[in-house]
Amino acid sequence: MLNKSLSKFLIQPAVGMAVLTAVNAAMSSASLAQGQPLPPTTQPPITQTQLDTNYSLGGGDLIRVNVFEVPEYTGEYQIPPGGAINLPLIGSVSVLGLTTEQASDEIARRYARFLKRPLISVNLLSPRPINIFVAGEVTRPGAYTLSLSGGAGNNPGVQYPTVLAALTTAQGVTLAADVTQVQLRRRIGRSSEQAVTLDLKELIQTGRLSQDITLRDGDTIVVPTATNFNVAESRNIFASNFAASQTTPRTVTIIGEVNRPGSYLVTPANTDAQGGTTTNSGTTTPNGLPNVTRVIQLAGGITAQADVRNLKLRRPTRTGSEQSIDINLWQLLQSGDANQDIIVQDGDTIVIPTATEINPAEATQLATTTLSPTRIQVGVVGEVKKPGLTDVQPNSSLNQAILAAGGFNDARASSKAVDLIRLNPNGSVTKRIVKVDFSAGINEQTNPILRNNDVVVVNRSGSAKTGDTVNTITGPLGVIFNLLNLFGL
């Protein structure tokens, strides 16, 4: 109860307000000193500088409790999982979640019932392993136990693992990650939790090690999925030491306008002194990165009908959603924009659409790039001078294939029109009659661009049919004709 003098003193408005403010400030300072959070209405927002870096005691720690002037009460204790140690005279004392200073105060408070002015110190002799959890966009999310390096306890050289060490242990972040919003969650004391956001992009760009925080037992690291894919940042992540291994093979599916759609295991290529990639045939491609163009090459190159301006890359994320990334390889070919040649990761799907319109000049230009196969194979059979399978450059036209087969057999060929037979990727077979015009440029009516495995049939003239025997074609091309007969073409 307040005495009368103090009551009169507080009745004065100005003085009373000042005293109450001072009392509140003192209570707040006391709460902070005891490690207790402020009331919700006055607690400041959590920022990175407020992350508690003190070591909290837990099960597995080896500590020494010193009771000064009472050596028989001094001893070493391995903290059990429950966090309570059994001390002489006072019995069980829980130190779980307390710092060594807080544990000293708690033990001193308990001994104060039996000792006059007890002086207690608690020293950490051997810290427990660091158990953490890594979630989100990492190669292998899950729980991990990280070892401390250097000495421990009495050895001040002990080193605690950092965020980067944890990400590396989880086999690195994926290319779908947003490394500017990595969250670190830490339990404080026995009930509260702090969370801070780390910008690992800043670490890459400036080397600020303040972003690489040392971990404590029970920490959780969450790497979120990027909402907006940035190609340049993705390449920086790929090159960083906390990304998934560059040498790990990755399975990528490619569908659409390529010669061999399917799933491929993309492995790093051998790189020569000039930074190129040497293939088995001895040719050199620009680099050995596991990127989109390498997958296209594995799939036999693009077809003549490929729309290289509107590729899609579909990338699954750890949240169960999917990133959709637009790719313009024509921009890569015209301006050297390497950012269009996106680095792939395991599980990606590349979709190459069919062009709605073919530009003959662009088709010819594409045929000379590494996106197209070196050669394609077409069959030119019937009344030509060199019938058989013919290797031609990609995006070659019907007229070029006929000329590559030696041209028409003038005495026997029906030169006004030929049959173009196409084995489609879905297993169907189509056949159409094409009027021949050697003076025409590339066009779909009289001089179409050929695809791999197309067959051009040059029929006999009316006079040549007389007296000829039927079905004289043998070998692989005979098999083709048998297939055509099977389909009724």
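The values are calculated or read from the model by the stated rules, or taken from the named source; none is laboratory data. All values reported here derive from a predicted model rather than from experimental measurement. Note that we place each Cβ from the backbone using ideal geometry, even for glycine, and neighbour counts take in every protein chain shown.
See the values below:
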| read-out | value |
| --- | --- |
| Condition check for Tyr111: of a type in the set (Phe, Trp, Tyr), modelled with pLDDT of 90 or more and more than 25 Å from Leu200 (Cβ to Cβ) | yes |
| Any chance Ala177 is in the same structural domain as Thr145 (by TED's automatic domain parsing), small (Gly, Ala, Ser) and touching a residue at least 12 places away in the same chain (Cβ under 8 Å) | yes |
| Close pairs from region 219-237: first not assigned by TED's automatic domain parsing to the domain that holds Gln194, partner surrounded by fewer than 18 Cβ atoms within 10 Å (Cβ to Cβ), Cβ under 8 Å, at least 6 apart | none |
| Hits in region 431-489 (condition: at pLDDT below 85, more than 27 Å from Val258 (Cα to Cα) and out of contact with any strand residue (DSSP E or B) (no Cβ under 9 Å at 6 or more places or on another chain)) | Gly462, Ser463, Lys465, Thr466, Gly467, Thr469, Val470, Asn471, Thr472, Thr474, Asn485, Gly488 |
| Hits in region 141-165 - residues which are modelled with pLDDT of 95 or more and either among the acidic types (Asp, Glu) or outside any strand (DSSP E or B) (or both) | Pro141 |
| Output for region 293-322, where each listed residue is of a type outside the set (Asp, Glu) and part of a strand (DSSP E or B) | Ile302, Ala306, Leu311, Lys312, Leu313, Arg314, Arg315, Pro316 |
| Pairs, first touching a residue at least 12 places away in the same chain (Cβ under 8 Å) in region 397-414, second assigned to a strand (DSSP E or B) and of a type outside the set (A, V, I, L, M, F, W, C), C-beta under 6 Å, six or more apart | Ser397/Asn447; Leu398/Asn447; Asn399/Asn447; Ala404/Thr390; Ala405/Thr390; Arg412/Arg460 |
| Members of region 213-241 that are within 30 Å of Gly59 (Cα to Cα) and crowded, with 16+ Cβ neighbours inside 10 Å | Ile213, Leu215, Arg216, Asp217, Gly218, Asp219, Thr220, Ile221, Val222, Val223 |
| Selected residue (criterion: modelled with the lowest pLDDT) from residues of region 270-306 that are among the hydrophobic types (A, V, I, L, M, F, W, C), crowded, with 16+ Cβ neighbours inside 10 Å and over 19 Å from the mean Cα position of the chain (by Cα) | Ala304 |
| Filtered residue count, region 384-440, keeping only those that are closer than 11 Å to Asp454 by Cα and in a loop (DSSP other than H, G, I, E, B) | 1 |
| Count - residues of region 88-137 that are part of a helix (DSSP H, G or I) and among the β-branched types (Val, Ile, Thr) | 2 |
| Whichever residue in region 80-108 is in contact with a Ser or Thr (Cβ under 7 Å, 6 or more places away or on another chain) and on the phi < 0 side of the Ramachandran plot and, among such residues, is surrounded by the most Cβ atoms within 10 Å (Cβ to Cβ) | Leu98 |
| Criterion (at pLDDT 90 or above, within 16 Å of Ile302 (Cβ to Cβ) and surrounded by 15 or more Cβ atoms within 10 Å (Cβ to Cβ)) met by exactly one of Pro373, Pro394, Pro353 | Pro353 |
